[in-house]
Amino acid sequence: MSVPVTVSRHRFGRGALITLLLLAPPLLWLGVVYLGSLLGLLQYGFYSIDDFTAQVVQQFTWATFASLFSTPSNLDVIIRTLLMSVAVTLACAVIAFPIARYVALLRGRSKAVWVVLVTLPLWASYLVRVYAWRLILAQEGVLSWVLAKLHLTSLLDAALSLPVLGGPSLSSSYLGMFLVFVYVWLPYMILPIQAALERVPASLVQASADLGARPFQTFWRVIFPLSLPGVAAGSIFTFSLTLGDYIIPGVVGAPGYFIGQMVYTQQGTAGNLPLAAAFSVVPIVIVMLYLALARRLGAFDAL
Amino acid sequence: MTSRPSPGLTLAAWLGAAFLHIPLLLIILYAFTSEDRTYTFPPPGLTLRWFGVAFARTDMWDALWLSVRVACLATLLALLLGSLAAAAMSRSHFRGKDAFSLLITLPIALPGIVTGIALLTTIKRVGLEPGTLTIILGHATFCIVTVYNNVVARLRRISPSQIEASSDLGARPLQTFRYVLLPHLATALLAGGLLSFALSFDEVIVTTFTAGSQQTLPIWMFGELFKPRDRPVTNVVAILVMLVTLLPILLTQRLSSGGDYMHGGGKSS
Amino acid sequence: QKAQMLTSLGQNEGQLSVIAWAGYLERGQSDKAYDWVTPFEKATGCKVSVKVAGSSDEMVSLMNQGGYDLVTASGDASLRLVAGGKVQPINTRLIPSYGTVNPKLQSAPWHTVGGVHYGVPYQWGPNVLMYSTKAFKTPPTSWAAVFKPQTLADGKPNKGRIQAYYGPIYVADAALYLMKTQPALGIKNPYELNEAQYAAVLAVLRTQRTLIQRYWNDANVQVQDFTNEGVVASASWPFQVNTLKANKQPVASVIPAEGATGWADTTMMHVAAKHPNCAYRWMEYSLTPKVQGDVAAWFGSLPAVQKGCTASTLLGKDGCATNGYADFDRIYFWRTPISRCATQGTCVPYNRWVSDYIAIQGGR
Amino acid sequence: MSAVSLKHLVCTFGTTRAADDVTLDVPEGEFYSLLGPSGSGKTTVLRLIGGFETPDSGSVQLFGQDVTRLPPYRRDVNTVFQDYALFPHLSVLDNVAYSLTVRGVPAAERRARAGEMLDLVQLTAFGDRRPSQLSGGQRQRVALARALAARPRLLLLDEPLGALDLKLREQMQSELKGIQRHLGLTFIYVTHDQGEALSMSDRLAVFSAGRIEQEGTPHDLYEYPRTAFVADFVGRANVLPGERLGRPGTQLALRPERVQVLPAGQGTWQASVREVQYLGAQTRLELDAGGIPVQALIASAAGLPAVGDVLGLRWDDAALRVLER
Amino acid sequence: MSAVSLKHLVCTFGTTRAADDVTLDVPEGEFYSLLGPSGSGKTTVLRLIGGFETPDSGSVQLFGQDVTRLPPYRRDVNTVFQDYALFPHLSVLDNVAYSLTVRGVPAAERRARAGEMLDLVQLTAFGDRRPSQLSGGQRQRVALARALAARPRLLLLDEPLGALDLKLREQMQSELKGIQRHLGLTFIYVTHDQGEALSMSDRLAVFSAGRIEQEGTPHDLYEYPRTAFVADFVGRANVLPGERLGRPGTQLALRPERVQVLPAGQGTWQASVREVQYLGAQTRLELDAGGIPVQALIASAAGLPAVGDVLGLRWDDAALRVLER
Ligand SMILES: Nc1ncnc2c1ncn2[C@@H]1O[C@H](COP(=O)(O)OP(=O)(O)OP(=O)(O)O)[C@@H](O)[C@H]1O
Ligand SMILES: Nc1ncnc2c1ncn2[C@@H]1O[C@H](COP(=O)(O)OP(=O)(O)OP(=O)(O)O)[C@@H](O)[C@H]1O
Ligand SMILES: [Mg+2]
Ligand SMILES: [Mg+2]
């Protein structure tokens, strides 16, 4: 319950001067250096590359940005990445929720153990985990080995024969890439949801039961809406991490490029920094919009 | 009603945990494989050889040491900037407050590659030599938010009357900071610090762009994964890191669960 | 600005930092026997630090960042570095062993511009056609094996069992294939394509896209793919072939009738190198036959110095033959395609190769 | 028929016996209060009735049906929680309509019935607000309306007025009582405020350490307290040693307002004034009668004594109550 | 000399005038209360004295010295906060010793003086506990001891008993009053409980909407309220229209205990009983006298009327107070 608290005008000292002093160093770093860097990068998006010399032409043009949307393959990259990010985020939320709820209900030692269980994968090197997934997903890898033992190979074949999502094997299909993304970012989703769930007062759950709601109704109408800030906070991670990753799409999955790979390749190759910059604007814009939305849902208090 | 997890929920949670941990088990298993190139499953045989090989790699130790240094310094910087930002934000409303909170979140919300390239262009522009310093600065940029979030949450829980009470009892602002604020923030700083240490320690993408010729551990691993031989060595190192970091995780657990008393100042217990 | 060439060597700076392919500069960390950096450090007092790069593109961007002395650049990176003014001309008189370099490489166009040398050849190798001996009862004789849909000897189609290199430079492989199989197009050099030729090449690559299991970018991953992903044919490096054979996998390699593309790496020096004396000493040292042979043995490549084939016990006496030393003349080495080309006036430049090849990989 | 009938309920937490052999019977339509100091087990008993705790032993019957093992959502009871427990993400109207929503009542009917309830608690205009936009008293009313919307036959209220300030509390007291009477519901009302319990209840039970000390009408409890605890908790009482009153071995309770103050020398006992507390209409005197502290409550209108004055005390023997030990 | 002297204090938050031209004078050694409903600005005035807010205009003098612009740690005042604000990370003893610690008092002396304070509030044995291990009443005492350890000449208390239950509150009231008298300190005491304010204070000020409505001794305020607001807030009052009492254009206050209840037909007014509230010693009647609601407070000992009965009412004209509009 929110107890009205009288907020003093000066919580930790007096006056605007101290606020300014406190604010200056982080603002200088983030507002000037970091934001400046982003703007500096943006600037390149308005340059172009000379076809003959392969040098950057430092002259204002919309052409580079226009090529993002006028070139079908570029548009493909953007759409492909977006769809994957959305799918990964949704899947993470769906898988994370029961785990988070379970951990939130636990008490004492078993809770501590579970929190460690959830955080531990974050500490095993990201790269090693990604490469480990190749072993799992390979055509003759762990997963097919297990499925063969269980006589479920036909299930896998059915999944692989899906249009777009499937492919010759899990490790060279979008399905496989999706699995790896979900795996790698899952803890980032569990932790904020769990924190949000723990902030749902027990009395609300009781009140709901008292008013005749069955456990599922209580979950759907009270617990879930109140933990949305946590979901939003977690999805900031899963969404933006998927949006910019270039390592996972390089190691597993179908051939198409992702935004991260595109930026990486373009800035390295022939130094096409303008196109790279234009491409990085896409995640910047999407993330900004997303943050504005998440903010509405109260994600910032739940990060 | 003491809510207990229903059987369905328990099953779902255990399945989720299995999903999270089976790959880790696999990493452990393949640190012992006797066959190092094709990674067939199940592995043809087991050996302890890779541990010896890994420990003998001086470049691995160098990379590890660099990573530790970078993570420590980046965390320190993040602690400083993050706490300052949190302190400023917990004060009265000022114009642009919302924009500022967005700004702090940005480095972690934007994909690492954007942050990396953006910083790189600036580094080049100001003529800075990419090196340990630029790695640290890059890492600190996205670590600030983890510290900030922890501290802001804690400051929100400290009742303002605590600070007023201290002042009322004759403590000058610095004393209030030393005797009241700092003890309250200690665990939040620790938790935020550990998280940012972890983020920095495992960061590949931003480092790729801001590093000079030095190799942090993840960059070393990246090279090693591309390298023709000794792939299991990376698994050995991954296990090592997991084991070593289990300790601080457990520690934070302790501290954050013991943190309940922190708001026990009110009337109702 | 054009950097001035060094005319004489001075005091060692005690340090050297190099961007290299993984495995190019080994100091015995993986295997004690493979160590050619420590002897150099002992001999010269130059402490070597290595930055491993995963691709030519990464090398270019690292060189753009600066802070390095040397880079082992492949042909598709070297000219970009020269054009970008990132590397300095090399005074071959300060490198006594330069004369021992395979004469065909001494003035190769990917490091020699207008008669000026911008580097010292290090290693080279062909992009061979690797195939599964189970799927191919007789060795394939044409790159058609990876470009044309067909049913293989094991009775199954090649669809979904083919790999291709992910780098845009692979467009040249398709160009080479067309150069030999459709002379009417008039392709004279797979790196110099006019618009019409280029369009035909892309068509070949689009057809290939339907056959592809993955575009490979990591040699180790390709080894795994041949082992447990059911891949049967791909353009590849001798390294993967050797590894798979050592693992008793049923593979072999061949250079088909059309010939092959290949890479030849050159040690190049940054314009603003801080340790030029150590750099020159390394370039000289890198041509030592034993070093050349050791690198070839470790990496599965071929030495730029003929004597390297015999000077290394690690490589063995058949090493050069196994890795394809005899095929030098059939190899079209990687270079960066540029607009102003020798054979046809205007050619399609590399940045278009990049965007088009990316589009093809995405299914466009 | 009894609305609630508890039989030998026991509920322990660790080593604390929060409810210790509680037996209770509340007829339908009654306003029944549970009164007791903090930690005496009032909330625990309420939670046992609501189904939020399971007893270690004993049984809970509601309207003749044994519900001991039923979960809360299967019981025909509703609760107004101590902290209101309003759903912060729902509007006031949706909060009130919650029980109808989960029962699948169609939207139109839901709105109509929730609207009626809001009318009842005089919050008609507030349906669209969020709970956080309401004052404490308004929240309290929403919680009430929400519980009533489910049309329970029995309503449980856990210190519903605890967080309100005095004036508001008094106003809400009479509103609550009015609604209970108007709807003819059974109320079980938890409070630690004896004034509230006395003025509102038909009957009440006084709790101490998990047990019922005494049960009865307000008048019974005030006039005939059986133990020193009840005598002092329900109103104030002078607990006097029987030795000084000719009944050795007993303790006797005497209400302060039954003590008459006379000029010095008169009356049964002589006492000196230790403290004078002006309470407005009345004034409380704390006196010292030869080592025995005595309180007296006198009308302020009469002249007030000063600290240190010596007075005579007298009382009607009929006002003395013998207490159980 | 005045302990506190406030002159024309104004303090606004946004558009709210939390303190609106407040002028006050508290002599040394007095127990002075600020009484008023929630949001009337009591806390704001206290915070202005303590130095936690800066006034928009006006001045604050403590013991003759102008402190309007001094920060709290430079003022010789201490505060007992509404939520106690104990430091959760320090033991009880360290909490009490806090003001000595920050002044650099040596450890031995610190412990001794803090120990004394704990003795004073009867918590000698609790020095090593954490605040979270104490009950509400105990915490309240620690907060008091902590404030007293600084040896202030003036103590500010912001509803220190607000969260305690009734019995505990009554006990703490007399302890507080005892300590104040014993140490001869000046107390400024904020409360919204009129009973508490009347019984404890030497003088009090009644606040409404940031302004002082009336100031004086408890007796003054109870007997001679100047406004309807004061009449009703300090105790209960019937506010009657002058028209019906032969004094048109005025409003008159009449205390419920001054209303005498007679058999039907007798007395000045006839009224029917709408509600009977048994309060123990007394019973409150809510009556309807020809459309005018009237409350009466009668002794329970007399026979009680029932709802619906018609009674006669009478009062002494001297008990009527003319109110300012
Ligand atoms: N969930 C619980 N776990 C442990 N002890 C509990 C729990 N709930 C209640 N208790 C203990 O049981 C006893 C009775 O508690 P209960 O809440 O019923 O008291 P109460 O009369 O409602 O008090 P209050 O007036 O303070 O609300 C107390 O000693 C309390 O500490
Ligand atoms: N920091 C603040 N910001 C905005 N408004 C405030 C602030 N502090 C107080 N107010 C407003 O000033 C008015 C007076 O508040 P104050 O806290 O002084 O009242 P109070 O008499 O102490 O009430 P209560 O009995 O509820 O504590 C209220 O309307 C309150 O909302
Ligand atoms: Mg309770
Ligand atoms: Mg207040």
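The values are calculated or read from the model by the stated rules, or taken from the named source; none is laboratory data. Quantities reported herein were computed from a predicted structural model and do not represent experimental measurements. Heads up, the Cβs are rebuilt from the backbone with ideal geometry, glycines too, and the neighbour counts pull from every protein chain shown.
Structure summary
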| read-out | value |
| --- | --- |
| Given (1) part of a strand (DSSP E or B); (2) buried (at least 17 other Cβ atoms within 10 Å of the Cβ), number of the condition D:Leu46 does not satisfy | (1) |
| Flag for D:Pro37 being in the same structural domain as D:Gln82 (by TED's automatic domain parsing), closer than 20 Å to D:Val234 by Cα and either away from ligand 2 (no atom under 16 Å from the Cβ) or part of a strand (DSSP E or B) (or both) | yes |
| Boolean, E:Glu30 is within 16 Å of ligand 4 (Cβ to nearest atom), buried (at least 16 other Cβ atoms within 10 Å of the Cβ) and either charged (D, E, K, R) or not assigned by TED's automatic domain parsing to the domain that holds E:Glu196 (or both) | no |
| Yes/no for E:Phe87 being in contact with a helix residue (DSSP H, G or I) (Cβ under 6 Å, 6 or more places away or on another chain), within 15 Å of ligand 2 (Cβ to nearest atom), within 14 Å of chain B (Cβ to nearest Cβ) and over 27 Å from E:Pro218 (Cβ atoms) | no |
| Listing of strands (runs of 3 or more DSSP E) fully contained in segment E:143-213 that carry 2 or more residues being more than 16 Å from ligand 3 (Cβ to nearest atom), modelled with pLDDT of 90 or more and surrounded by fewer than 20 Cβ atoms within 10 Å (Cβ to Cβ) | E:203-208 |
| Near pairs, Cβ below 6 angstrom, 6+ apart or cross-chain, from segment B:194-216 (on the phi < 0 side of the Ramachandran plot and in contact (Cβ under 8 Å) with a residue 60 or more places away in the chain) to any residue that is surrounded by fewer than 24 Cβ atoms within 10 Å (Cβ to Cβ) and in a loop (DSSP other than H, G, I, E, B) | B:Gly212/B:Pro130; B:Gly212/B:Gly131; B:Gly212/C:Gly67 |
| Residue list for segment D:41-91, filter: away from ligand 1 (no atom under 16 Å from the Cβ), of a type in the set (Gly, Ala, Ser) and in contact (Cβ under 8 Å) with a residue 60 or more places away in the chain | D:Gly64 |
| Hits in segment B:250-269 - residues which are modelled with pLDDT of 65 or more and surrounded by fewer than 19 Cβ atoms within 10 Å (Cβ to Cβ) | B:Leu250, B:Leu251, B:Gln253, B:Arg254 |
| Some residue of segment B:129-138 being outside any helix (DSSP H, G or I) and acidic (Asp, Glu) | yes |
| Qualifying residue in segment A:246-260 (condition: under 23 Å from C:Ala77 (Cβ atoms), touching a Leu at 6+ places or on another chain (Cβ under 6 Å) and crowded, with 24+ Cβ neighbours inside 10 Å) | no |
| Residue that is surrounded by the fewest Cβ atoms within 10 Å (Cβ to Cβ) [pool: residues in segment D:293-325 that are farther than 27 Å from E:Ile298 by Cβ and under 33 Å from the mean Cα position of the chain (by Cα)] | D:Arg325 |
| Residue list for segment E:183-213, restricted to those being within 14 Å of chain D (Cβ to nearest Cβ) and either within 16 Å of ligand 4 (Cβ to nearest atom) or on the phi > 0 side of the Ramachandran plot (or both) | E:Val190, E:Thr191, E:His192, E:Asp193, E:Gln194, E:Glu196, E:Ala197, E:Leu204, E:Val206, E:Phe207, E:Ser208 |
| Hits in segment C:316-364 - residues which are out of contact with any Asp or Glu (no Cβ under 7 Å at 6 or more places or on another chain), away from chain A (no Cβ under 13 Å) and not in a helix (DSSP H, G or I) | C:Gly316, C:Lys317, C:Asp318, C:Gly324, C:Ile331, C:Tyr332, C:Phe333 |
| Test: residue in segment B:158-181 that is more than 14 Å from chain E (Cβ to nearest Cβ) and either surrounded by fewer than 20 Cβ atoms within 10 Å (Cβ to Cβ) or touching a residue at least 12 places away in the same chain (Cβ under 8 Å) (or both) | no |
| Matching helices (runs of 4 or more DSSP H) fully within segment A:34-149 where at least 3 residues are of a type in the set (Val, Ile, Thr) and assigned by TED's automatic domain parsing to the domain that holds A:Val252 | A:72-105, A:108-123, A:126-137 |
| Members of segment C:1-43 found to be part of a loop (DSSP other than H, G, I, E, B), among the aliphatic types (A, V, I, L, M) and at pLDDT 90 or above, listed by number | C:Val37 |
| Hits in segment C:191-206 - residues which are under 17 Å from A:Ser73 (Cβ atoms) and touching a residue at least 24 places away in the same chain (Cβ under 8 Å) | C:Tyr198, C:Val201, C:Leu202, C:Leu205, C:Arg206 |
| Members of segment E:231-277 that are hydroxyl-bearing (Ser, Thr, Tyr) and farther than 21 Å from E:Ala299 by Cα | E:Thr250 |
| In segment C:79-108, residue nearest to the other protein chains (Cβ to nearest Cβ) [restricted to those that are of a type in the set (Gly, Ala, Ser) and assigned to a helix (DSSP H, G or I)] | C:Ala83 |
| Search result, residues across segment C:38-78 that are more than 9 Å from every other protein chain (Cβ to nearest Cβ), buried (at least 24 other Cβ atoms within 10 Å of the Cβ) and of a type in the set (A, V, I, L, M) | C:Met63, C:Leu70, C:Val71, C:Ala73, C:Ala77 |
| Number of the exception - B:Val53 against (1) among the β-branched types (Val, Ile, Thr); (2) in contact with a Gly (Cβ under 9 Å, 6 or more places away or on another chain); (3) modelled with pLDDT under 85 | (2) |
| Any hit, segment A:154-161, residues being assigned to a loop (DSSP other than H, G, I, E, B), touching a Ser or Thr at 6+ places or on another chain (Cβ under 7 Å) and closer than 16 Å to C:Arg214 by Cβ | no |
| Segment C:174-217 - residue that is part of a strand (DSSP E or B) and of a type in the set (D, E, K, R) and, of those, farthest from the other protein chains (Cβ to nearest Cβ) | C:Glu192 |
| Condition check for E:Gly50: at the interface with chain B (Cβ under 9 Å from one of its Cβ atoms), in contact with a helix residue (DSSP H, G or I) (Cβ under 8 Å, 6 or more places away or on another chain) and either at pLDDT below 90 or within 28 Å of E:Phe229 (Cβ to Cβ) (or both) | yes |
| Number of the exception - C:Thr227 against (1) over 24 Å from C:Ile360 (Cα atoms); (2) part of a helix (DSSP H, G or I); (3) away from chain A (no Cβ under 12 Å) | (3) |
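Every residue, every condition in (1) among the hydrophobic types (A, V, I, L, M, F, W, C); (2) within 8 Å of another protein chain (Cβ to nearest Cβ); (3) crowded, with 16+ Cβ neighbours inside 10 Å, yes or no:
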site	(1), (2), (3)
A:Ala66	yes, no, no
A:Leu83	yes, no, no
A:Thr89	no, no, yes
A:Ala100	yes, no, yes
A:Leu106	yes, yes, yes
A:Val113	yes, no, no
A:Leu117	yes, yes, yes
A:Pro121	no, yes, yes
A:Tyr126	no, yes, yes
